[in-house]
Each structure stands twice: as structure tokens, then as C-alpha cells.
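Visitor: Below you will find the structure I want to go over with you.
Rule-based calculations on the coordinates, nothing more; no lab input. Source: prediction; values computed, not measured. In this analysis, Cβ positions are derived from the backbone assuming ideal geometry, glycine residues included, and neighbour counts consider all displayed protein chains.
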DNA sequence: CTGTTAGCGCGTTCAC
DNA sequence: GTGAACGCGCTAACAG
């Protein structure tokens, strides 16, 4: 394949340098279009003050040179047109759904989305967030952040921030979440309605005790509902990791005791599935011997052979509305918003009336 | 809380500006340490040519000012210490596993990882890749890219690239994948061994026909194995989306015909699960009436009530080794590498001998 | 109103 | 070890 006359008007960029190719810069574009870089910049940003004729010449030069703006350079003075999403655990399908809600909204607003994996410790999470700030993101969506609220406020003083799936009114940033207390109460009510009294709860083992953390809220909702039903002496909370393995470990805890509870409400579907895996492996009938409920309505639980009773948070809507909130903030809003959505119960086949 | 003498040595950054807080720059650090910015830069990068005493003074100033390097500025001349991962579908658990393999390796090498969602079209995928280049990533991992190889070569001429889960030797970039032809052959052999002859295959509907695309390789492996067993007249390939819905649609195609095949090999677990969902909903016994096998060994398939026969690709190892390859390339290697791992069969309960 | 000139921002690099 | 130029898009300030 040889160089043809295409090379003059074609998509071939600026002459390559030894090693890696050089991309065309705005100066190249301006030179080719015979205008100043300022004018080219205006066209690039769709800014005010360029004649249609000039606009066209510049745009032509841009396509001819396959011009792409250098985000690093943009980040030095202006915007990067990129928002960052920090997610603790890419494995959890809930986060995927939030993401699917977010992405198209930002795409429609001409903003790229970049995702940072936050890991499972507070240090790694904070590092991920700081990395996003280093990259000069225009705004940040933090999904279930675990860091103290003071840290969130500090970050929010640097750039617009929306927190998803962790509630509580805040000063400098927006929050959007479903009512986790109400969600867990829905489960308890459902189980009590079926006739259960020995209902245990699985929560996430985490050093921080901030009441806005979703697993704390769910545990609170569980406790309050148990009290409301006069079952305060049956309150039984097991602490574990919020993962498949964590659910498995919780099952082992229950099995090491004299008797099983008749129902278990795990604070997350992943944990419920780990718990179920252990029960299935041991041939313990669910829901015959023990009922199991989760939280999140993850796609796995919908599969017929699993059919997990759970709570729907509307992850997609959470993501969509979070994106809207962040766009508003990036557009200048400074008054904080706190949105609380209502969860709904999704009763399926892992819960039933207890035996005798 | 008032300003104490801490302010002199403390973590409080540079005076805030109206609106959003300003972060300390390398100049602030240099000024505070009483050295030149060049020296401060050397300390920051761990570069050669600084005395231990100076190094210490600069590092002190950095912590005191909570200094963080501006990645945009770094991207203008040097490295960003960030690698980009482009992933087409965050919902597919295979990609999550690749990611879990990648992240710690880059973390250990002091590189941040940023993920871009590529969407499902070629345009959106290319846009995601270009966005990464715009951000001046030091290197790129592309997981199952769908764009033509010429595009990959073009990108690889700009920055180091490793392609995961799409094979074929290339000029300018590395590839690492499992042998997809062999993988689908494993499934066919397994099914034939059970006594099946009417074995159908589900592949991804996609306009591109590049033979290195994994679903093409799997279809090829299926066809070749069918031929090898003398079943060329039973070859039956259904084209659909590679998703839960896609599997569901494929089931509808099979059901609209006079008779079902006795076994279906879906090119991906997600599709197999969609297929199964339809069969379950209709009360079609699996594996009694029809055997079903997938590809990917995703966590869902491991759950006891699902227990999906599938192929293990070693997604985690794929990710780890891809990270190693990219680090090598970023360190200067230019000769391309192409790694091909061997897949393994994971026989479970969705496949069994056909009836009579 | 349209277009230009002349820095700016911040970490890196090169000549001294 | 230092000073100063550099990279590239953005933006006052200014000229036509």
C-alpha cells in the first residue's frame, strides 16, 4: 500500500516522529485553515464570534488532519469534558446497572465517562478519588463511597461531586439513594407476614460507623422493624464481607450454632447468593428450612432456578438522576440536593412460611 | 475549629480561591523547600541527581502542602502514570474478571487504571479509545475490541497497546487470548461424546468478519469439530446479540422451528443464560430435552441451581499477563508478542446424554 | 461583531 | 544543582 494523492487532503496526520506518531495540534489546524489558533479554538468549542465561512474552513482542516483535542492541554486552563465515576467493586452487578444509567446521560451531554476501580480499603478508595482529581475531571460520581464525610466535603470543595447509594444531607455535594431503612423494613415485614420470628441479618464488616453508609441504614431498618414487631429479643446481626465469600462465611456462622434462624435477610444479593451456595451444597432446603432474602435485585436473582426474594433499588434510575444532578452542578448550581427514592419489595421463591 | 500553628507545617493547602479550592503546585513545593522547581520535579519522579538532604526537604514540603501532581500538566511533556482499559460491556462478568487480574499488577507498578465503557457499536468503541488517547494515557489495554485491525495498528502507532481476548499476530501491538477454536471444539467433543449429533451454535451478530474476533473463532472451532465428527450436515449456527436478551431471542428461533436440536452451544455464558431462561419459563427440561453449554465460566454458572457447562478461559490470568505485557511495552519493547492460552472444559449439569 | 496577538497554566527537560 | 524554554489549548486584551 503506497501513499496516494489522498495524502494531501486525506486522513493522514502530521509526519510521524521516530517511534510513536504525532497527532495534529490546534496550531496545525489553524495553519492549514489559514487562521489564528484563537479562531480555531473558538470553532473547536463552538464559542461565539466566528463567521460561518471560517467555521467551515476550520472544521474541514480538523477532519483532514484527523484533529483531536489534547485533553491534558485542555485540563490546564479549561474543562476536560470528562466525568469520573468511582466504583468500589466492579464485580457487584448493582454498580454495573448504575453505570448503565449514567453513561448515556453524560454521552448525550458530550462528556466522556471514565471509571476508576476503588478497591476495598479506604486508602485505595481515596487514592482512586485523588487520581480522578489529578486528572482534572470536570465532576465526580462516587458510588457507595466508604470514606468519612469530612473527606467527601473536602473533595467536593475541589470539584462538583454527586454521591450515589449513600444518603444523608450534605453541605457541598449532592446525594441520591434509595431509602435503605425502608428497604430492609420491607423485607422484615414480608418475613414476619409469612410467620417468621427468628430473622437474622447479615451486614458488612467495616470499621467506619457513619450512619449514612447503606449497610448501616439497612441494619438500622432491620432492627427498627424487628422492634416494631415486638421481636427485639430475636435481633441477630452477623457481620461479614459483602461478597459471595462473605455470604458463605455467614452461613458457616449460622451452621456452627445450635439451631438455624428460620429466615436470613442479607444486606446485599451477592452475600445472599454466597449464603445460598453453602446451604445448597449442604442440602439445606430453601425456603423449606430457612428463608433467604437479599437486597439489590441483581440480574442473577431473577433467574428462575435462583428466584431470590430481594429489594429493588432502581439502580438504573439512580445512575440517570445522579448524572443529571452532576450536570446541574457542573453548570453552576451550588445548593446541595439530596434525593431519596422509595425501594420496592420483590418477593420470589427463596422466602416462604416457616415450617410448623 | 480555628487556624493553629499547625498551619505553618500542617496539611492545609494553599489559600482557597473563590469557588473551588486551589491545590498546591510543584512551584509551591519548591518555594517552601527553598529549591528550584526542577529539583522538586526530580524528587517527585525519583529521578537521578538530588542529594538526600534536598530530597527530604522537598518530600517534607510535599506532605505539608498535601501536594498532588497535576496529571494534565504531566501529560503535556512526560508520562501520566495512567493506563486505560477499554471494555465493551461492563455487564459481562468476564470483563470484570479480566479487570481484577489487571488492576493489582498496575497498582504494584505505580500506575493508575482508568476504565472507559466502549458501548456496543464500533463508533462508540472507537470514541472511547480516542478519548483515552486524548487523555494521554501511557498505554492501553483493549478487551475484545471490535474495530478493524487497521484501526488497532493505527492506535498502536500512537501509544503502547495490548489486546486481550482477541487473537492473531499483529505488527504493532501485543495480543493475549485463549484458543477460542480449541475451546468450542472442547464443547463439541464433550457433546458428541455424550451422544449428541444435532448440536447448534449461537454466535454474535456483527457486521465485521475479521477472523480474529473471538466469536468468529468459536464458530470456526464449532464448525471444524462438527466436520471432524462427520456432522457437517448438522451444522446449525444462529446469529444474535451477545447478551441475555440475545440468548432469549435465539431460544425463540429454535422454538419457532419444527424440532429442537438436542444440544446448543452458546458462544458466551450470558447468551446461554438467556436461552436457559426461555427454556425454564416454558418448562422445557434441561438437559433432559436439550443440553446447553456456554463459554466463559462466569460466576453465575457456578451456582448450584444453574450449574452451567462451559469453558474456562482464565480471565484473571489473561488480565494479569496483559498487564505484564503492557508494562514491558511501556518500558520500551517493540517486538510484538502474541500469547495463546489453552482453555479447559468445565462440564456441569446442563449437559447430558440425549434421550433415546 | 470578527479576528488576532500574547501570554497563561504546571510539570518536564535541557543547556549551563 | 539552577534558570528558562517547552508543550498545547484557552482566554484576556486588543485591532480591524
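Visitor: Taking the number of other C-beta atoms within 10 Å as the exposure measure, put A:338, A:298 in order starting with the fewest.
Guide: A:338, A:298
Visitor: Quick one: angle between helix B:180-194 and the longest Cα principal axis of chain B, in degrees between 0 and 90, rounded to 10, please.
Guide: Roughly 30 degrees, rounded to the nearest 10.
Visitor: Ok, one more. Taking neighbour counts of Cβ atoms within 10 Å as a proxy for exposure, in what order, fewest first, do A:175, B:310 appear?
Guide: Least to most surrounded, the residues fall as A:175, B:310.
Visitor: Rounding to the nearest 10 and keeping the result within 0 to 90°, find how far the Cα-based axis of helix B:244-255 lies from the longest principal axis of chain B.
Guide: 10
Visitor: Okay, moving on. Where the centre of each part is set by its Cα atoms, how far does segment A:67-141 sit from segment B:50-109, in angstrom?
Guide: Cα centres, segment A:67-141 to segment B:50-109: 14 Å.
Visitor: Classify the protein assembly as shown from the C-alpha gyration tensor, please: rounded if a/c falls under 1.5, else prolate or oblate depending on whether a/b exceeds b/c.
Guide: Oblate.
Visitor: For residue A:59, which inter-copy label distances result when the label point lies 7 Å beyond Cα on the Cα-to-Cβ vector, reported in nm to one decimal and in ascending order?
Guide: Copy-to-copy label distances for residue A:59: 5.4 nm.
Visitor: Now, a different point. Rounding to the nearest 10 and keeping the result within 0 to 90°, find how far the Cα-based axis of helix A:315-330 lies from the longest principal axis of chain A.
Guide: So the inclination is approximately 40 degrees.
Visitor: Ordered shortest first, which distances in nm separate the 7 Å Cα→C-beta label point of residue B:257 from those of the other copies?
Guide: 5.3
Visitor: A follow-up question, please. For label points placed 7 Å from Cα toward Cβ, what is the shortest-first list of nm distances from residue B:282 to its copies?
Guide: 3.9
Visitor: Compute a Gaussian network model of chain A, connecting alpha carbons closer than 10 Å, and tell me which residue from A:35, A:85, A:113 fluctuates the most.
Guide: A:35
Visitor: Something else: Given the rule -39500 (n - 2.57) for each run of at least 4 DSSP H residues, summed and divided by the residues of chain A, what is its mean residue ellipticity at 222 nm, to the nearest 500 deg cm²/dmol?
Guide: Rounded to the nearest 500, it is -13000 deg cm²/dmol.
Visitor: Partner chain Cβ atoms within 10 Å, averaged over the residues of B:126-139 - can you pull that number for me?
Guide: 4
Visitor: If you rank B:253, A:292 by fewest surrounding Cβ atoms within 10 Å, what's the result?
Guide: Fewest-to-most Cβ neighbours within 10 Å comes out as B:253, A:292.
Visitor: Figure the gain on full extension for residue A:237 and residue A:260 (residue separation times 0.36 nm, minus the Cα-Cα span) and round it to one decimal in nm.
Guide: My answer for the length gained is 7.0 nm.
Visitor: If you stretched the chain out fully between residue A:253 and residue A:285, how much longer would it get, using 0.36 nm times the residue separation minus the C-alpha to C-alpha distance?
Guide: 9.8 nm
Visitor: How far is it, in nm, from the label point at residue A:31 to the one at residue A:110 when both lie 7 Å from their Cα along the line to the Cβ?
Guide: 2.7
Visitor: Taking the mean number of other Cβ atoms within 10 Å as a proxy for protection, how do you rank A:154-167, A:64-77 from highest to lowest?
Guide: In descending order of packing, they fall as A:154-167, A:64-77.
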